[in-house]
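A short write-up of the structure that comes next.
None of the figures in this text is laboratory data; all of them are computed from the coordinates on show. Predicted model, so just to flag it, every value in this text is computed and none were measured. All Cβ positions, even for glycine, are placed from backbone atoms using ideal geometry, and neighbour counts span all protein chains on display.
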Amino acid sequence: MSVRIGVVIFPGSNRDVDALNALDVSGAQAVPLWHEQASLDSVAGVLIPGGFAYGDYLRAGVIARFSPIMRAVAGFAADGGLVLGICNGFQVLTEAHLLPGALLRNRGLRFVSREVAIAAERTDTAFSHRLGERRPLRMPVAHGEGCFFADEATLDQLEADGQVLFRYVDPATGATAGGEGDAANPNGSLRGIAGVINRDGNVAGLMPHPETAVETILGSADGLGIISSFVTSAAEREQAAGAALVSAAR
């Protein structure tokens, strides 16, 4: 049986079907998880998709962090479970303090929906190990609050600890995007940061949408490496846990 990966669905989620499809393409068994659930149905990993959780009233992700499902996700993450947040999912994870930093209004104060290029700063994580060498990855963004922000001390610490996972880059050269005004940076994110990972390496988030870039017919399959990295890592973690239980029972 393929590994079970949960997809959290909030009122307003609109990329959940894309996430379910991407997991299916990667060989996982996708399990929808409604926001009112208090358990994760024994999944091996959790994906929080894009959209507008609870309408994103107040600010993006702030209401969702108090949902029953997020209490379960927080406990799962604390136990080492793999959690991936995409776009609104990234916003939810920062609001829940499962990831550092904050996502602010785009510097241009307009919703941005277009293709961008990102590159993995690390290819040795649970979410990037199948990407191979660092190169530009094409995928879309669609957000109004995607500007990654943290104070300078926090940014320096993220850099030092290897927690910057993805950056916006020039699609032709792979050079890291600059700040506001750089066409390669769609929202003005500081230091071109498009995604981060927690210190323990089991929770990650990014603003671009790899789940809608898993098949060439969609315009790009560059996102499949991210989704498949997540799925295979979750499967390996589940197998290791099962082996440990068998060993302890002997």
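Structure values in brief
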quantity	calculated
Cleavage-rule hits (GluC sites (Glu not before Pro)) in segment 125-191: DSSP loop, at most 12 neighbouring Cβ within 10 angstrom	133
Label-point gap, in nm, between residue 66 and residue 29 - each point 7 angstrom along Cα→Cβ	3.6 nm
Segment 108-138: trypsin sites (Lys or Arg not before Pro) in DSSP loop, at most 15 other beta carbons within 10 Å	110, 134
Gain on full stretching of the segment that runs from residue 41 to residue 200 - 0.36 nm per residue minus C-alpha separation	54.9 nm
Ascending count of other beta-carbon atoms within 10 Å, so fewest first, for 94, 154	154, 94
Separation in nanometres of the label points that stand 7 Å from Cα toward Cβ, at residue 216 and residue 172	2.4 nm
Kyte-Doolittle mean at least -0.5 and Cα axial length at least 24 Å: DSSP H helices in the chain	224-249
Contour minus Cα-Cα distance for residue 156 and residue 249 (0.36 nm per residue)	28.9 nm
Cα centroid of segment 81-150 to Cα centroid of segment 1-46, whole Å	19 Å
Mean ellipticity per residue at 222 nm, deg cm²/dmol - from DSSP H runs of n ≥ 4 across the chain, formula -39500 (n - 2.57)	-8000 deg cm²/dmol
Exposure proxy ranking, count of Cβ atoms within 10 Å, fewest first, for 139, 207	139, 207
